[in-house]
Structures are given as C-alpha cells and as structure tokens.
1. Could you tally the net charge around Gly131, taking each other residue with its Cβ under 11 Å from the Cβ of Gly131, Lys/Arg +1 and Asp/Glu -1?
2. Could you give the nm distance between label points at Lys253 and Arg238, where each point is 7 Å from its Cα heading toward the beta carbon?
3. Tell me the Rg and the Dmax, in Å, that the Cα atoms of the stretch 75-250 produce.
4. Debye sum, Cα scatterers, the stretch 169-261, no solvent: what log₁₀ I/I(0) at q = 0.20, 0.25 1/Å?
5. Enumerate lysine pairs in the stretch 75-250 that are 8 or more residues apart or on different chains, then count those whose Cα atoms are under 14 Å apart.
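Nothing in this text is a laboratory measurement; each read-out follows from the coordinates by a stated rule. Treat the numbers as computed from the prediction; the structure is a model and nothing was measured. Neighbour counts are summed over all protein chains in view; Cβ atoms, including those assigned to glycine, are modelled from backbone coordinates with ideal geometry.
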Amino acid sequence: MSDELKDLALELRRHLAWQEADGSRVILGDRSAAVSKPAPVAAVKAAPAPVAAKAPAPVIRTPSPPAEPIAKRPLDEIRRELGDCQRCKLCSGRKTIVFGSGNPRAELVFVGEGPGEEEDLKGVPFVGQAGQLLTKMIEAMKFTRDDVYICNVVKCRPPNNRNPEPDEIEACEPFLKAQLASLQPKVIVALGKFAAQTLLRDTTAITRLRGQWREYQGVPLMPTFHPAYLLRKPEEKRVAWMDLQEVMKRLGKQSDSKKGQ
Ligand code: SF4
C-alpha cells in the first residue's frame, strides 16, 4: 500500500470513529438507525392532527338545517304535484289530504303535526278542539286565520291519532319544504315536538326548544307547544303565550292582552 493510500485509510478510520462518537453512523448504511431516524419527523407530522380535528366543529354547532335552496313555486302547483298521494302508508287510512289553508302571502305560518279526525273529514287543518284553541291564539296575536297560513308536517291523518312515524315524515316533508319556500314568511311558529324537530333537525325536547328563536332556511322560527298539548295541560298556556308575544314583537304587533286563550 502506498503512503498515500495509508493516509487515506487512516483518515477514513478517524472519520468513522467521529461519526460513531456522534451517534450518526447512518451514513455508512446502518439500516436500523436509518429507519429509526425519521421517528421525530413522524412525530412532527402527527402534531398538527388536533388542528385538523377542530375543523368540522362549526358544522356540528350549526343549529339549523343546511340551507338547500328550494325553488319558489305557487302553492296550487305544489298541491297538484302531491296529487292523490300514496307516497307513504298513511294514504291507506285517510279520507282527505289536508294540504294547508290560509293566505298564500302570509307573513306568519303555523306548522303543526298532522290532521286529526275532524281535519281528515273536512280537509282543513286545525278545525277540531285544538284548532279552535289555535284560532283563539291567532286572534289574541291580532291576526285572523285568513291572515296567516296553517299546515302540518304530514298531510294525512295517522290512524287513531298516533304520532307520525319517521318514514311518513320523510315522505311528506318535501311538500312542507316546498310550501314554506312558496310562502316565504317572515316568521314560522312550529307547534309541538314533531314540527319543531322536523324543521330544525334537532331532537331536543320541545320543553327545551320552546321559547328560543331558531332559524329555518333563514326564516326566524319560534318553537312552542302544540294546542292539543295545551288542552291537556292548560297551566302551560302562560308560557306558550309568552312565545307568541315574542312572535308579535318580531312582527311589529303590540300586545295588550294577558293570555291567548
Ligand atoms: S302523509 Fe304525505 S306522503 Fe304520506 S300519503 Fe299523505 S300526503 Fe303522501
């Protein structure tokens, strides 16, 4: 070996010794060290994960259903489209489809649950005992039934006045949405659990939803108790009236009576 080669070998041994002392011998092909080395990089990559996890939070907190623009069409066109509807099993027991009634330019819309026996016979929403109470509530708010629009989540009477089932609500809901898009009211009053929970996509109990302003497709929505519930629990009329007074305020109406009953 020439002197030059000897010097080169010596230099190489010193270099290797320095690398070992430094703990960085990976350069010479220590694969296990090469694999373990990127660990801190992986740790750095993992660090931003909590930031990414926060991103969907605003969606979760969104209180109202996502705004899906629905075409504004005349109510009679929507009724024609509904036709002799057989889209859900409620069609088999109904006598009449109860589409809705009132002013097609109403600034105030009441949405209830579904027709009862009298409504099923007459084809008009809220004409039974609960309907008579609703009429009094509307008049106490200084409106008439002809000023407002009244409709239900399901348009056919559930047998024995049972609650509407999820598949029935789902089948009928597009027509309710189309009605509200047609009416474009200033305020919606959701009467009872089914109307409030359906429109708000919120399973919170009506006892907690009521009295709090919410929004449906950009329209202020006030959930309150259903008149049928108020007939069973007259002591709740006071808080329902407070809810309706909020609606009056929103619509610029002065309240001078104590109770809507
Ligand atoms: S409840 Fe609605 S979807 Fe079901 S049959 Fe009646 S109109 Fe059709």
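1. Details: positive: Lys122, Lys136, Arg145; negative: Glu118, Glu119.
Residues near Gly131 contribute +1 overall.
2. Placing both labels 7 Å along Cα→Cβ, they lie 2.2 nm apart.
3. Spelled out, the Cα radius of gyration and Dmax of the stretch 75-250 are 14.8, 42 Å.
4. The calculated log intensity ratios at q = 0.20, 0.25 Å⁻¹ are -1.01, -1.34.
5. Numbers: Lys89/Lys155; Lys95/Lys122; Lys95/Lys155; Lys122/Lys155; Lys136/Lys237; Lys142/Lys249; Lys155/Lys177; Lys186/Lys249.
The number of close lysine pairs in the stretch 75-250 is 8.
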